[in-house]
Each structure stands twice: as structure tokens, then as C-alpha cells.
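Enquirer: Pasting in a structure now, in C-alpha cells, and then I'll have a few things to ask.
The values are calculated or read from the model by the stated rules, or taken from the named source; none is laboratory data. Given the structure is predicted, the values throughout are model-derived calculations rather than measurements. Please note: Cβ atoms are built from the backbone with ideal geometry, for glycine as well, and neighbour counts cover all protein chains shown. Ligands, DNA and RNA are excluded from the accessible area calculation, which covers all protein heavy atoms including side chains. Shrake-Rupley method; radii C 1.70, N 1.55, O 1.52, S 1.80 Å.
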Amino acid sequence: MLVRLKPTLSFVFQGSLEVFFTASVALAAFVTFPTTAHGATDIYPISGGNFGTQVWTLAGSPYVVHGQPSMRYGSLTIGPGVVVKFEPHATLDVHADVPVAIQGTLEAPVYFTSLRDDSVGGDTNGDGSATTPASGDWGYVSFGGGSWNSNFSTQYLKVRYGGDTPSSVGSGTVSPALILSYWWFSGSPGVTYALEHVEVSHSPTGLLLVMGFNNTLNLS
């Protein structure tokens, strides 16, 4: 299933809401180490999650996430064309107090994908055609959780082959590849957020979206 949302749709939420889309969805903690043998920049967890200012560039791409990094302090900027790959079971949690800017373009989107995905960023795991990507190859990327603040902007982001980690939704569970939380609450009318040109595919559940009370989300 492919769900497409037309430009400039506005939703006003009067309470906390969780929205998830199954199958393919199109919504039109880091320390870096020396480059590996296959041209990647590795990202590993560090104690306390204080990674400082992070700017991920095309020159350092692809980036490979190992384990479960959690970024609690600092900031994260991801430039056009950057490819971020995840080893099996890897996840990435970015706290709401961490400003995030994902700066993909139509011609050069940002990718979050499997380490086995050779279609972008090359043969990063160096095994030729021995492995191919599949749904649930890695966990999830989560932005905005853990606080009332949320300073997150994104455009032209493609997320592929994630969703191996269950998340609780009501009385059930889903396995999203991308989790976005817009929790800010400061009374009526709340805060307006924008989500532009985000595509989640090849995952058990595409997007888990959590909205705070009275907030507005513009989807395009």
C-alpha cells in the first residue's frame, strides 16, 4: 500500500494522538571515527549522549550506525545526499532538546537505510551481492521524544528497510522505521510543525507519529 498526502494539508490535534501507517508510506548519539576500509564513517554510542555539534556531510557519507546511540545533548545537521546505514538491530534516538535539521533536496535526498542496501552509498559492508536488504533489517530512528521541546525540521528524507523493534501503541505494538514526536504544549493554539517530502518504505510499519495537545501539523 502506498499512501500519498497532497500538499499543504493541515491537521489540528486537540489531544495526544498516535498515528501509524503500515506498509509503504510517502509523506510528500554520535561520535565519529576514522573512515573504515569501505569508505564509511562509523557512529557508536557514547556515555551520557553528549555528542556535541554534529554535521554529517556528503564527504563523510555513508555513515554507519552501530548499536543503539542516544543523543541527549548537542545538535545534528544532515546535509543533502547523505546516506546513513544501520547495522542489524541498530537504532538511533535523538532527544527533543537536540536541534535537528535534515536538509535533503529533490535531487539529493537524505537516506536512512540498511547496511545491506548497496543501491545508495555503495557496497558499504563489502560483501558484493552476497546480501540484499529486506524489511526489518534494522530498528528505527526516533526524533523528538523525552521532552516538551521539539526543534526538528526535515525535508526530502527516505527511510528504508527498518522496523525490527516493536513499540507500544495503545494495547498493541507496531514496528516503525521512523518515530516523530511533536510534544510541545503551551496552551491553545499550540505549535505548528511541518513535515515535508518524507518517504518510509520496506518496513513492517512505516511511520509512528505522536502529536501533543493542541498542536498543528502541516503535511506536504
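Enquirer: Cβ-Cβ distance below 7 Å, separation of 6 or more or different chains: which pairs start in segment 102-124 with a residue that is farther than 13 Å from V64 by Cα and in a loop (DSSP other than H, G, I, E, B) and end on one that is open to solvent by less than 40 Å² (accessible area, probe 1.4 Å) and modelled with pLDDT of 95 or more?
Expert: Sorted first by the residue in segment 102-124, then by its partner, the pairs are G104/V110; G104/L157; A108/G81; P109/L157.
Enquirer: Sticking with this structure for a sec: Across segment 104-129, what is the total count of residues that are open to solvent by less than 40 Å² (accessible area, probe 1.4 Å), aliphatic (A, V, I, L, M) and within 23 Å of E196 (Cα to Cα)?
Expert: 3
Enquirer: Let me ask you something else. Any residue at all in segment 45-55 that's in a strand (DSSP E or B), open to solvent by less than 10 Å² (accessible area, probe 1.4 Å) and over 17 Å from S119 (Cα atoms)?
Expert: Checked segment 45-55: no residue is in a strand (DSSP E or B), open to solvent by less than 10 Å² (accessible area, probe 1.4 Å) and over 17 Å from S119 (Cα atoms).
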